[in-house]
Structures are given as structure tokens and as C-alpha cells.
Amino acid sequence: MATHTTNATRGQRKAAEGNTSVAERDPELLRRIYQIMVLTRAVEDRMVAMYKGGDLLGSLYTGHWHEAISVGAASTLRPDDYLAPIHRDLGAHLWRGMEPWQVMASFMGKATSPTGGRDGTLHYGRLDLGIYNLPSHIPANFPVATGMAFAARYRGEDRVCLAFCGDGSTSRADFHESLTIASVQKLPNIFVIENNQFAYSTPLSLQSSSESFAIKAVAYGIPGVKVDGTDALAVHDAVAEAVGRARAGEGPSIVEGVTMRMHGHAEHDPADYVPHAMYEEWAKKDPVELFESVLLDAGVIDADKAKQVREEARQLAIAARRKALADPMPDASTVEEGVYAD
Ligand SMILES: Cc1ncc(C[n+]2csc(CCOP(=O)(O)OP(=O)(O)O)c2C)c(N)n1
């Protein structure tokens with residue numbers, strides 16, 4: 001099995017092969033990726049304001065500058081595939097059909113949230129959309145993802161399971177255990193590592209001595225590729241290739257997307273440990289703006305359409321906040337429901 005690890009983005013390599021033209025791609029898919037990236041940013045910006053305004057119960061984790069990874073990766077899946085996201089992946093939830101108000105309702109502990117108000121932050125999922133609720137312990141979604149992939153194969157289904165984790169999560173034992181079982185069993189898994197330079201306050205230099213996270217794939221005998229995580233098409237293409245292999249029974253892959261965590265670990269964290277120059281550098285690589293420019297340059301959207309998409313996203317986020325605020329808290333008498341088997 002070929003194992004390739006490269007620093008070139010998938011987009012760059014495809015460009016070199018001469019088949020990456022934006023014009024050759026499905027314009028509907030491109031517009032949908034753009035729309036969900038814009039919506040993700042709008043919803044998270046609104047939730048940051050809600051956090052500051054005291055609307056939310058717990059802390060708020062956002063995925064600013066992760067939009068190209070979460071949406072680029074999720075957009076490669078079939079609706080019946082499985083998704084095991086983390087706290088940076090609102091874009092993947094929204095791609096699958098999670099409603100923005102449901103996300104807000106979750107951070108408010110509302111009865112209408114996907115967890116019925118049993119959680120005041122981000123442990124929401126929707127099994128009807130194939131989205132597994134993320135466990136708090138990271139990357140505990142990885143062993144679950146291998147289980148989902150195993151179940152799919154056991155049942156004779158050709159579903160795949162896409163799971164995300166951060167750079168810090170790769171240092172945990174469950175990362176290694178999951179990669180080991182997935183590779184020896186050739187499970188239909190895709191493991192996306194969101195390298196955002198920090199794991200809370202731990203910088204990459206204290207996290208790993210490897211030249212990349214993708215290169216860790218070599219030890220598992222599986223393909224690993226490192227792509228520009230601010231480039232939605234680079235992520236999409238790399239993950240699509242991995243999905244193709246997984247669905248064909250060729251086993252799991254690692255895709256590393258390199259980006260920056262542009263907010264604190266969560267909104268309570270001022271992240272004073274991040275050198276200011278890093279923010280200045282990465283501010284030039286806003287994935288939403290970069291993708292918008294690509295689509296504008298290729299004529300897939302025009303300036304009016306971009307304005308319309310942004311305004312619609314803003315209005316959707318405003319309406320979502322209004323609904324989530326108005327929704328009821330759980331009825332205290334139901335507190336034991338869902339705790340014990342009937
Ligand atoms: C096993 C475990 N240890 C610690 C935590 C607390 N915690 C939550 S996210 C996080 C940082 C994770 O870093 P990384 O995997 O790089 O993802 P990022 O938050 O940077 O996206 C920590 C320490 C946890 N949830 N689970």
C-alpha cells in the first residue's frame with residue numbers, strides 16, 4: 001500500500017497534475033461549501049457575542065479558521081456515512097443538517113437541544129444525521145469511530161466514518177490504539193488531524209518531534225497526507241481520496257490540515273501565551289475569505305451573491321439566537337429520563 005506524506009497541499013499537487021481547475025468542479029457543490037463556511041462563521045461570531053452577553057451557560061469553543069477543514073472534509077461524505085466531530089467542527093455539523101438554533105440551545109441547556117438540555121455546552125450530536133455526540137475526553141471519539149466503521153463493515157454496508165481530532169489529541173493513547181486497530185483491520189475510517197498550532201497552551205514544539213502529524217501514518221502502514229487547512233478544496237480533495245479508499249475496502253488514512261486556532265482555547269481563555277505575530281500572520285489566511293476569492297475569481301459566484309450569502313447567514317444566526325432564547329429549559333421532573341434503561 002502506498003504511503004505518501006507531503007507538505008504540498010492537495011490543491012497544489014492536483015494543480016501540478018493539471019486537473020484542479022475550479023471551473024471543472026461541480027458549481028453547486030462549491031457554492032454549498034462556501035455557504036456552509038459562511039454560515040459557520042456567522043453562527044460562531046453570534047455565539048461569541050452571546051457568550052459575552054451572558055446568554056450561554058458554559059464555556060464556548062469555536063472553530064474560527066477551521067471552517068475549511070470541517071466543511072471541506074464533511075462535504076466528501078454521503079448522507080449515510082458517519083461523522084465523529086470535535087469541538088472545532090461546527091461546520092461539519094451544519095453541513096450534515098444540524099440546525100444553528102439547536103447548537104445555541106445546547107450551549108444554553110435548553111429542552112429543545114439535541115441532548116434535551118442534559119448538556120450546557122458542546123456534547124451535542126444527531127444520530128439521525130449520522131453525527132455521533134462528541135465525548136468530553138479527547139480523542140475518545142476515535143475508538144468510537146473505529147467501532148462505527150467496524151459495525152458498518154460487519155453489517156456489509158459500505159459506509160465510512162470520518163473522525164476529527166486536534167494536534168494535542170495525537171499524544172493520547174486512544175489515538176494510537178484507534179489507529180492500530182483501524183489499520184490492522186483495514187477499517188473504513190478517515191482520521192482528520194486539525195493542526196491548529198496549540199493544544200490549549202501547549203505549542204507544537206512541546207507536542208511532537210515529528211516533522212508532521214501526517215507522517216505518523218507511516219508507523220501504521222497507512223496513507224497520510226498534510227494539506228493546507230485554510231484551503232477548503234485542498235482539504236476536500238485529500239479527504240475525498242481517503243473516503244474513496246475507505247469505501248473500497250482499502251482501509252483508513254490520516255489527513256492533517258494545518259491551520260491556526262484564532263481564538264482562545266475557549267472564549268474564557270485570553271490565550272496570552274500565543275505570540276501576537278502568529279495571529280498577524282494567520283489573519284492573512286482567513287479560510288472563508290480565501291475560498292470566497294477563489295469562487296469570485298472563477299466566476300462561480302459574483303460579488304452580489306457573496307453579499308447575499310453573508311447576509312442570509314447573519315439573519316439565520318440572529319433568528320437562531322431568538323429561537324434558542326425563547327425555548328424552554330427542561331422540566332425538572334424529567335431529570336431521570338434517559339439515565340436508566342426502561
Ligand atoms: C483526556 C482529556 N484531557 C484533557 C482534556 C481537556 N481539554 C479539552 S480540549 C484540550 C486541548 C486539546 O488540544 P487539541 O487536541 O490540539 O485540540 P484543539 O483544542 O487545539 O482543537 C484539552 C486539554 C480533555 N477534554 N480530555
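The values are calculated or read from the model by the stated rules, or taken from the named source; none is laboratory data. Values in this document were obtained by computation on a predicted structure and should not be read as measured data. Methodologically, a virtual Cβ is constructed for each residue, glycine included, from the backbone with ideal geometry; neighbour enumeration extends over all protein chains shown.
Below, the figures for the structure above:
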| quantity | calculated |
| --- | --- |
| Residue count for region 36-71, restricted to those that are small (Gly, Ala, Ser) and away from the ligand (no atom under 16 Å from the Cβ) | 4 |
| Some residue of region 96-104 being out of contact with any His (no Cβ under 8 Å at 6 or more places or on another chain) and within 27 Å of residue 258 (Cβ to Cβ) | yes |
| Output for region 70-90, where each listed residue is of a type in the set (A, V, I, L, M, F, W, C) and outside any helix (DSSP H, G or I) | 77, 83, 84, 86 |
| Restricting region 156-175 to residues that are more than 18 Å from residue 83 (Cβ to Cβ) and more than 20 Å from the chain's Cα centre (by Cα), the residue that is nearest to the ligand (Cβ to nearest atom) | 173 |
| Selection count, region 287-339, where residues are touching a helix residue (DSSP H, G or I) at 6+ places or on another chain (Cβ under 9 Å), surrounded by 12 or more Cβ atoms within 10 Å (Cβ to Cβ) and among the acidic types (Asp, Glu) | 3 |
| Residue in region 12-21 that is assigned to a loop (DSSP other than H, G, I, E, B), closer than 30 Å to residue 268 by Cβ and at pLDDT below 95 present | no |
| Filter result for residue 273 (of a type in the set (Ser, Thr, Tyr) and more than 23 Å from residue 76 (Cβ to Cβ)) | yes |
| Residues of region 276-286 that turn out to be surrounded by 12 or more Cβ atoms within 10 Å (Cβ to Cβ) and of a type in the set (Asp, Glu), as a count | 1 |
| Residues that are out of contact with any helix residue (DSSP H, G or I) (no Cβ under 7 Å at 6 or more places or on another chain) and either in a helix (DSSP H, G or I) or surrounded by 18 or more Cβ atoms within 10 Å (Cβ to Cβ) (or both), drawn from region 101-117 | 102, 106, 109, 117 |
| Scan of region 118-155 for residues that are under 20 Å from the mean Cα position of the chain (by Cα) and part of a helix (DSSP H, G or I), ordered by number | 127, 128, 129, 141, 142, 143, 144, 145, 146, 147, 148, 149 |
| Boolean, residue 114 is free of Cβ contacts under 8 Å to residues at least 60 places away in the same chain, farther than 27 Å from residue 329 by Cβ and more than 16 Å from the ligand (Cβ to nearest atom) | no |
| Output for region 158-203, where each listed residue is out of contact with any strand residue (DSSP E or B) (no Cβ under 7 Å at 6 or more places or on another chain), of a type in the set (Asp, Glu) and either within 19 Å of residue 135 (Cβ to Cβ) or free of Cβ contacts under 8 Å to residues at least 60 places away in the same chain (or both) | 174, 177 |
| Residues satisfying the stated conditions in region 187-204, i.e. crowded, with 24+ Cβ neighbours inside 10 Å, part of a strand (DSSP E or B), more than 7 Å from the ligand (Cβ to nearest atom) and of a type outside the set (S, T, N, Q) | 190, 191, 192, 193 |
| Leading residue by the ranking (nearest to the chain's Cα centre (by Cα)) among those in region 263-296 that are without any contact (Cβ under 8 Å) to a residue 24 or more places away in the chain and closer than 30 Å to residue 24 by Cα | 289 |
| Condition check for residue 75: among the hydroxyl-bearing types (Ser, Thr, Tyr), buried (at least 18 other Cβ atoms within 10 Å of the Cβ) and in contact (Cβ under 8 Å) with a residue 60 or more places away in the chain | yes |
| Where a residue in region 121-144 is free of Cβ contacts under 8 Å to residues at least 60 places away in the same chain and its partner, wherever it lies, is assigned to a loop (DSSP other than H, G, I, E, B) and of a type in the set (Val, Ile, Thr), with Cβ under 8 Å and at least six apart | 123/115; 124/115; 133/115; 134/86; 138/86; 139/86; 141/86 |
| Residue within region 232-243 that is at pLDDT 95 or above, within 16 Å of the ligand (Cβ to nearest atom) and outside any helix (DSSP H, G or I) present | no |
| Filter pass, residue 215 being touching a strand residue (DSSP E or B) at 6+ places or on another chain (Cβ under 7 Å) and either assigned to a strand (DSSP E or B) or within 13 Å of the ligand (Cβ to nearest atom) (or both) | no |
